[in-house]
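Remarks on the structure that follows.
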Amino acid sequence: MTRKINLELPDDLSQRLESKAQIINLSLEAMILKSLEDLATQPDDPIAALIGTLSDESNDIASRHDDYIGEAIYSRELPSE
């Protein structure tokens, strides 16, 4: 079963989507359906949107994240009693 949805796209968005669809050799409809499918299957993790958007000089963050957190905690001054 399918559901038909009509969308009104602003001209500039429509042109950009058409260009992108041509580049990846898909029809506009196929590209939009694929994009929606990809969106619907993404995890609902609020951090997921940040993946790949941050950079750091360290390239071992994934394997040493606990070490870095520990170092940051250790380097803080403890409040005086």
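Can you confirm whether the range 45-68 contains a residue that is touching a helix residue (DSSP H, G or I) at 6+ places or on another chain (Cβ under 6 Å) and either modelled with pLDDT of 90 or more or open to solvent by less than 90 Å² (accessible area, probe 1.4 Å) (or both)?
Step one: of the range 45-68, the residues touching a helix residue (DSSP H, G or I) at 6+ places or on another chain (Cβ under 6 Å) are none.
Within the range 45-68, not a single residue is touching a helix residue (DSSP H, G or I) at 6+ places or on another chain (Cβ under 6 Å) and either modelled with pLDDT of 90 or more or open to solvent by less than 90 Å² (accessible area, probe 1.4 Å) (or both).
For residues that are modelled with pLDDT under 80 and charged (D, E, K, R), scanning just the range 69-81, find the one that is surrounded by the fewest Cβ atoms within 10 Å (Cβ to Cβ).
The selected residue is GLU81.
Just the residues that are under 23 Å from the mean Cα position of the chain (by Cα) and either part of a loop (DSSP other than H, G, I, E, B) or among the basic types (Lys, Arg) (or both), please, taken from the range 10-24.
Within the range 10-24, ARG16, LYS20, ILE24 meet the criteria.
The values are calculated or read from the model by the stated rules, or taken from the named source; none is laboratory data. Here the structure is a predicted model, which is why all the values come from computation and not from measurement. Using ideal geometry, Cβ is built from the backbone for each residue, glycine included, and neighbour counts are taken over all protein chains shown. The area values use the complete protein model at the heavy-atom level, side chains included, leaving out ligands, DNA and RNA. Shrake-Rupley method; radii C 1.70, N 1.55, O 1.52, S 1.80 Å.
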